[in-house]
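Notes follow once the structure below has been shown.
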Amino acid sequence: ATKMPLATARAVTTTAPTTAARARTARRMTTATRAASLSAYLPADTYHSLPKDGDVTFLHTMVRASNLEATMAFFSALGLVETRRKESQNGKFTLVFMASCQGAPEIEITYNWPDEATGETETFAPPSRSMGHLAFAVDDIYAKCEALEKAGIVINRPPRDGRMAFVISPDGISVELLQKGDALEPREPWKSMANIGSW
């Protein structure tokens, strides 16, 4: 049998990393991303380079939107940013992924385009109680709720206790906000603010 020259063998080894090497690279990517934010544990390609470590890894939650711009504005006000999107001419839909930062679990917003003949958009029944809520932890729940109010978003459950609040997306998805660490000292105007609607 013909032996492969040593230099060639080294080149092959360099250009064809093993599964273990790819897993180590993915872990390094994840660690580097995590250093920027505690929320970021996914690599840049979300799941394609995740190592097979025996765990089930949470990736995203999909919500439907009747108005893509309004839904994106709502989640932007919460502090999420667009991480990627997909437009499908054949399927007549747009997928927009948003997260608190690159590498964090995402919200996948699905928007089905209006009917070409009638211009009608998709309508939804009220969300079932089987879908509870999304939840995000924030540094300062009072500051976040104040910013949301300035953006025109109703605080359905004000943070009277300095710990928890609820808001609702344009299509009725309930979102819980929780204070990181200990609850803040109750203060006005939140302490005396009544609930609005349901969530």
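Applying 0.36 nm per residue to the separation of ALA137 and SER88 and subtracting their alpha-carbon distance, the gain on full extension is 14.3 nm.
Only sites in a loop by DSSP and with at most 11 other Cβ atoms within 10 Å count here; which chymotrypsin sites (Phe, Trp or Tyr not before Pro) in the range 34-97 make the cut? Answer in residue order: TYR47, PHE58. Within the same chain, aspartates and glutamates fewer than 8 places from LYS144 are excluded, and of the rest, those with a Cα less than 13 Å from its Cα are GLU176. In this label model, ALA147 and SER49 are separated by 3.0 nm, measuring between points 7 Å along each Cα→Cβ vector.
Distances between placed amide hydrogens fall under 5 Å for HIS60 paired with GLU106, all partners being 5 or more residues away or on another chain.
Quick check: at a probe of 1.4 Å, how many percent of the accessible area of the range 107-183 sits on carbon and sulfur atoms? Intermediate values should be presented prior to the final figure.
Values: 2040 of 4160 Å².
Carbon and sulfur atoms account for 49 percent of the accessible area of the range 107-183.
Each Lys or Arg adds one and each Asp or Glu takes one away; over the other residues whose Cβ falls under 13 Å from the Cβ of VAL63, this sums to -3. Per-residue Karplus couplings for the range 182-192, computed as 6.51 cos²θ - 1.76 cosθ + 1.60 with θ equal to phi - 60°, are listed in order as 6, 4, 6, 4, x, 8, 7, x, 5, 4, 9 Hz, Gly and Pro entered as x.
Convex hull over the alpha-carbon atoms of the range 78-199: what's its volume per residue in Å³?
Values: hull volume 16.2 nm³, N = 122.
Taking the convex hull of the Cα positions in the range 78-199, it is 133 Å³ per residue.
Taking a straight Cα-Cα cut-off under 27 Å and skipping sequence neighbours fewer than 8 places away in the same chain, the lysines within cross-link reach of LYS150 are LYS180, LYS191.
The values are calculated or read from the model by the stated rules, or taken from the named source; none is laboratory data. None of these values were measured; they are calculated from a predicted model. Glycine gets a Cβ as well: all are built from the backbone with ideal geometry, and neighbour counts include every protein chain shown. Just the protein is used for accessible areas: all its heavy atoms, side chains included, with ligands, DNA and RNA removed. Shrake-Rupley method; radii C 1.70, N 1.55, O 1.52, S 1.80 Å.
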